[in-house]
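The block underneath contains the structure these notes are about, expressed in C-alpha cells.
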Amino acid sequence: MKTSIPHQFLLISDAADDHWNQVLREALAVLGPLQIVSEREAAAFLQMHAVDMVIVDAGAVSSAPKELIRQIRELHPGARVVVVTASPHWKIAKAVIQAGAADYVEKMLNREAILARFGKILEQ
Amino acid sequence: MSQTLKRRGEKMARGTILFADNDADFLNVRSEFLEDEGYTVLKASGPEEARKVLDQQRVQLAIFDIRLTDDSEGDISGLELAQEPAYRAIPKIMLTGFPDVDTVRTALRKRHVLDELPPAVDYIPKKDGPEALIQAVGDAFVHAVRLNWDLQIQWDPRERLSFLYLANLQHPDLQDDVLLQRAGELEDLFRKLFYGHRQIRIGRLLWHDDGRFCLTLAAQTPEGAIDPRILVCGEPERLAQELNRMAELAPETVEGTKLADTTETVHFGAVTYMLPDADMETIQSFREFFEGGGERRLKTVLSHLLSEMLLAWHKRGQKVEERGLMALYRQCAGLGGDGLSQTDVESRINALIQVVQAMSGVHVERRDGLMSLFFPGESPLTCPDPVTAVYRPLERYRTGVACTVSPGRLTAENMLVDAGRRAWLTDFARANQTPQWWDYVCLEAIIRFDLSHAPDLLAWLDFENRLVEPSGLHTRLSLQDITSDLRTSVNLIEQIRRHAGGRVGTDTLPYYAGLLAWVVGAMAGHKPAALYTHAERMRAAHMLLAAVKLSCRLGEAFSPSLPGGQLHMQDGHTVWMGDSRIDDLGVQELALLKCLIERAGQVVSRQTIVEEVFGEEYVADDKAQESRINTLVRRLRLKIEPNPDRARYILTLKGIGYRLDVDGKPSG
C-alpha cells in the first residue's frame, strides 16, 4: 500500500499523550506522516498546511464533532474527515456522516486493521 | 403538526414515493400518514416488488425497510437494494427497527467522493414514529430530490415536441402505461436539471441517435438572464460514459462547446452544453446550412471546423496503436468490437443490393471475392468485393497506426452552424482515439454521401471517378464531367483533403481505406424497409458504386506481395501473424484456430473440428455440419489469409480435413 507521494494526516485531539495516538501514527506511517494538534490549534494548522485526511478524536475534543467537521470542510473542502471514537453510537454515526464525514470509525489497536480501514477511505 | 410541515406538505403535493416494507400493517399505517401529507405512495412488500415499481413507475423518493425480506438478523436486503447501481439516482430513506453503526455507515456514506448521492440520504428508527418519517421525507424532497416544481416549461409550437414524444424516442418499445410514466420521469429530469431556473423554452430536436436525443433550449434565471443550451439525453450509463470521455479527452478551448450541467434519474441521464455567444434561435444543423447553398459560406464554416474545432481535439495528443488500420477503422465504422458481426454486415448489404437492383437495369453480382456492378449503358465494373476487403489488413498499415483524439462520429446533424458561420460539435459519446485520418474521412463522407445530390447514376459515376483519381491528398480534384449539382461538393472535398494532407501527410491509401470502412458501415447500418423512394435507391446505388470504386483503388494495397509471419497464439486468445495482431476473431473462429494451432502441421479431421469447436457429436455425411465447418473455415481464412482464395495457412486436404501451416509458406 506504499505510495510514491506520502499522504498528509492530521489528528485533532486534546489528549496529546494518548497511547492510541502513537498506535495510529505507527499504523499510518507507510501512507504518510501524522501530525497531532489540539482542537485550539487545529484551525491555524489547517490554514497553513495541506492535508489529505483530518481525523477527529470525538472523545478528546470539546466541540461537537458536527461543528468541527463543518469548520474543517470550510478550510479544506477536499480533505477527508474521519471521526474516531472509543464508544460508537449509531446516532453519532448518522450525525457526523450527514455532516460530511467520510467515515466514523471505532478505535482499534490492530495496526494492520487501522491501515486497511484508513487506506480504503483514502481510495474512495 | 408544525406550520412548516403543513407548508411542505402542500408544496410536495406532486411527490411520488415508493415505500417498501414486508410488515404490511406498518406499511399501510405509515403510508396513510404520508398520503395525508399529500404524497402519492406506491407500496411494495419485498425487494422484487420494489424493483418492479422502480423499473416501471415514476418514483421520486424511496423508503426501504432494511430487513425487507424475512426480518431475520442477517437480512439487510433493503440496504442492498438501496446500493444497487441501477437505482443510484433515486434518493432513499432507510427505516429500521434495529439501528446500528454498521448499517448507518453503509447507508449514509458515499461510496465514492464523486457520487452525487449516498445509498440513502436518511436513516430513521421505526420507533421514532410517523412525525420523524414525515420530517425526513420533507427534508429529502427539499435537499435530495430537488425538483423545481415552479419551473415553467414551454415548448416551441412549431416543433410539436412533448415529454411523451421524447420518451418514446428513447424507449420506442414500451407499453403505453409505462411510457406515460417515463414521460413523467423525463419531466422530473428537466425539473431537476433546471433547479435554479425560472423557466425553460424547449426549442428544436437537433438529432436523435441510438437512444439519445439532442435539443436546443433556453433557460431563464430568476434574474431574467437567458442561458442558451443544448441538451443531450439518453440512458444514464451512456451519458456517464460520454461525460467520462469528455473529462478525459475534451480540449480546454476557450471557444468550444462547454459542459454546463448534468443529472440523472433511473432511466434518463442528461447533459447540457453551452455554446458561448452562439444564437440558438438561428443555429442550424450542418445539413440545413449546406442546403442553403453558397460555396464561399460553406468553405468558411469548413475552415472554422477544420482549423479550430477539430484541430483543438486533435492536439489533445497522439498515440500509436498496436492494432492494424482496418481493425481500427472497423471499430470506428461500427463494424467491429461491439458493432455488427461480419455475418450481419453481409446480410444487410445483400439486402441493400436487392434494393439497388430494383432500379431499372441495375444488376449486382458478388462471386469469388469480387463484386460486379452492371449499370445501364455502361460496361460492367468488377472489383475486389468491398465488404470482404474491409475485413482484411491493409499491408502497409498492419500495426503502428498513428491515432489522434477525435470528438466522435461527425454527422450532418450533430455539427451545428451559427449565424457567425462558426461550427459547433454536439455529440461526444464516441469521443476516442481514432486513426488520424478518421475525422477528415467522416467530413468528406458526409458531403459525399449524405449531402450531395446528382440527377442520375452516370453523374455519380463521374463524381466517384474524379474522387478516387488522386494519388495524393494535395492533388487538385478535376471537375471534368462533373455536373453543376456536384461541383460545390468536389470543391469542399478538395478543401478537406488539402487540410488533411497538411496535417497527416498526403498519402491517399489510409484515407481511401477510411472512406471504404465508412461507406461499408453506412451500408450495413441501412435498416430494411418496406418501401423505398427513388432517392433512397439512388443513394444506396451511389454508396455501392463508391465502395466498389474505392475497393478497386485499394485492391493492390490489400493483396500485395504475401506477408510473411508465423501464426501463433498468446495467452490462449491473442493471435499474432508475425508482428501483427489479428483482431476481431469470433468465439468459434478463435476456437477453430486454437484447435488447428495445437495440431500445427498435422491433419485435423472434420470430426475433431465438430467435437472440439462445436462441442457436438460428429455425424458422418451430415450436410448441415459440413456446411457449418466450410463456413467457419471460410470466415477464418478471410481474417488471416492474405488471399483467402489461395490459402497458405489453413490448407484443405480433400476428403480428410485441414492442416495448418503456421509459416504460411507459398505453395509451389
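The values are calculated or read from the model by the stated rules, or taken from the named source; none is laboratory data. This one's a predicted model, so the numbers in the text were calculated from it and none came from an experiment. No Cβ is skipped: glycine too gets one built from the backbone with ideal geometry, and neighbour counts run over all protein chains shown. Only protein heavy atoms, including side chains, enter the accessible area calculation; ligands, DNA and RNA are left aside. Shrake-Rupley method; radii C 1.70, N 1.55, O 1.52, S 1.80 Å.
When each of the peptides A:12-18, B:234-240 is scored by how many other beta carbons lie within 10 Å of its residues on average, the order from highest to lowest is B:234-240, A:12-18.
Local charge sum around B:Arg366 (other residues, Cβ-Cβ under 12 Å, Lys/Arg +1, Asp/Glu -1)? Neighbourhood net charge equals -3. Return the lysines within reach of B:Lys594: Cα separation strictly under 16 angstrom, same-chain partners fewer than 8 residues apart disregarded; answer none if there are no such residues. Once the sequence-local lysines are set aside, what remains near B:Lys594 is B:Lys639.
Isolated cysteines in chain B, defined as those with no second cysteine Cβ under 4.7 Å, comprise B:Cys214, B:Cys233, B:Cys332, B:Cys403, B:Cys442, B:Cys595. For B:Arg30, the solvent-accessible surface computed with a 1.4 Å probe is close to 30 Å², ligands and nucleic acids excluded. For region B:381-443 versus region B:320-373, the inter-centroid distance based on Cα atoms is 17 Å. Apply the a/c threshold of 1.5 to the C-alpha gyration tensor of region B:412-562 and tell me whether it is rounded, prolate or oblate. It is rounded, given that a/c, with a ≥ b ≥ c, falls under 1.5.
Other residues with beta-carbon under 15 Å from the beta-carbon of B:Asp481 carry, at +1 per Lys or Arg and -1 per Asp or Glu, a net charge of -3. Of the listed residues B:Met274, B:Met94, B:Met246, B:Met569, the order by accessible area with a 1.4 Å probe, largest first, is B:Met274, B:Met569, B:Met246, B:Met94.
Surface calculation, 1.4 Å probe, protein heavy atoms: B:Thr262 sits at approximately 70 Å² accessible. Taking every C-alpha pair closer than 8 Å and separated by at least 6 residues, the mean separation divided by the residue count of chain B gives a relative contact order of 9 percent. Among the chymotrypsin sites (Phe, Trp or Tyr not before Pro) in region B:67-152, those placed in a DSSP loop whose Cβ has at most 11 other Cβ atoms within 10 Å are B:Trp149. Ranking of B:Val142, B:Val266 by solvent-accessible surface, largest first: B:Val142, B:Val266 (1.4 Å probe, protein heavy atoms only, all chains present). Only lysine pairs 8 or more places apart or on separate chains count here, and in chain A those with Cα atoms under 18 Å apart total 6.
When the protein assembly as shown is described by a simple charge dipole with +1 on each Lys and Arg Cβ and -1 on each Asp and Glu Cβ, the residue from B:His197, B:Ala445, A:Ile114 located farthest towards its positive end is B:Ala445. Mean partner shielding of peptide B:91-101, defined as the number of other chain Cβ atoms within 10 Å of each residue Cβ, is 2.
Computed per residue of the protein assembly as shown from DSSP H runs no shorter than four, each worth -39500 (n - 2.57), the mean residue ellipticity at 222 nm is -12000 deg cm²/dmol. Here the protein assembly as shown yields Rg over Rh of 1.04, to two decimals, using C-alpha coordinates and the Kirkwood radius.
Evaluated with a Cβ-only charge set (Lys, Arg +1; Asp, Glu -1), chain A carries a dipole of roughly 360 debye about its Cα centre, given to the nearest 20.
For region A:52-124, a simple Cβ point-charge model (Lys and Arg +1, Asp and Glu -1, everything else neutral) yields a dipole of about 180 debye relative to the Cα centre. Peptide A:101-109 has a mean shielding of 2, counted as Cβ atoms of other protein chains within 10 Å of each residue's Cβ. For region B:394-449, the gyration tensor built on C-alpha atoms gives a prolate shape. Its axis ratio a/c (a ≥ b ≥ c) is at least 1.5, and a/b is the larger of a/b and b/c.
Measuring nothing but alpha carbons in chain B and taking Rh as the Kirkwood radius, the Rg to Rh ratio lands at 1.04. Buried area at the B:A interface is about 1200 square angstrom, summed over both chains, from accessible surfaces computed with a 1.4 angstrom probe.
Please compute the net charge surrounding A:Asp14, taking Lys and Arg as +1 and Asp and Glu as -1 over other residues with Cβ under 12 Å from its Cβ.
Result for the neighbourhood of A:Asp14: -4.
The Rg/Rh ratio for region B:425-489 is 1.04, where Rg is the radius of gyration of the alpha carbons and Rh is the Kirkwood radius.
The apolar share of the surface of region B:469-621, taken as the fraction of accessible area on carbon and sulfur atoms (1.4 Å probe, ligands and nucleic acids excluded), comes to 46 percent. Taking N as the residue count of region A:1-96, its C-alpha radius of gyration divided by 2.2 N^0.38 Å amounts to 1.04. Taking the Cα centre of chain B as origin and assigning +1 to Lys and Arg Cβ atoms and -1 to Asp and Glu Cβ atoms, the resulting dipole is close to 2260 debye. Peptide A:81-91 is shielded by partner chain Cβ atoms: per residue, an average of 2 of them sit within 10 Å of its Cβ. In this structure B:Ile353 has an accessible area near 10 Å², from a 1.4 Å probe over the protein heavy atoms.
Calculated FRET efficiency, B:Asp75 to B:Asp128, Cβ-Cβ distance, R0 = 30 Å: about 0.90 to the nearest 0.05. Loop-located GluC sites (Glu not before Pro) in region B:290-349 (DSSP state not H, G, I, E or B) with no more than 16 neighbouring Cβ atoms inside 10 Å: B:Glu322. Which shape class, rounded, prolate or oblate, goes with region B:174-284 when its Cα gyration tensor gives a ≥ b ≥ c as root eigenvalues, a/c under 1.5 marks rounded, and past that a/b bigger than b/c marks prolate? In terms of gyration-tensor shape, oblate.
When the accessible area of region B:205-333 is split by element with a 1.4 Å probe, what percent falls to carbon and sulfur? The nonpolar share, carbon plus sulfur, comes to 46 percent.
Accessible surface computed residue by residue for the protein assembly as shown, with neighbouring protein chains in place and a 1.4 Å probe, gives 44 Å² per residue. For trypsin sites (Lys or Arg not before Pro), the sites in region B:308-355 that DSSP calls loop and that have at most 16 other Cβ atoms within 10 Å are B:Lys315.
By a straight-distance test (C-alpha under 20 Å), which aspartates and glutamates pair with B:Lys665 as possible cross-link partners, with residues fewer than eight away in the same chain excluded? Those aspartates and glutamates meeting the cut-off are B:Glu395, B:Asp579, B:Glu598, B:Glu641, B:Asp645. Positive end of the dipole of the protein assembly as shown (Cβ unit charges, origin at the Cα centre): among A:Gly100, B:Ser303, B:Leu479, the Cα lying farthest that way belongs to B:Leu479. Which whole-angstrom value gives the distance between the alpha carbon centres of region B:625-668 and region B:239-269? A separation of 47 Å, based on Cα centres.
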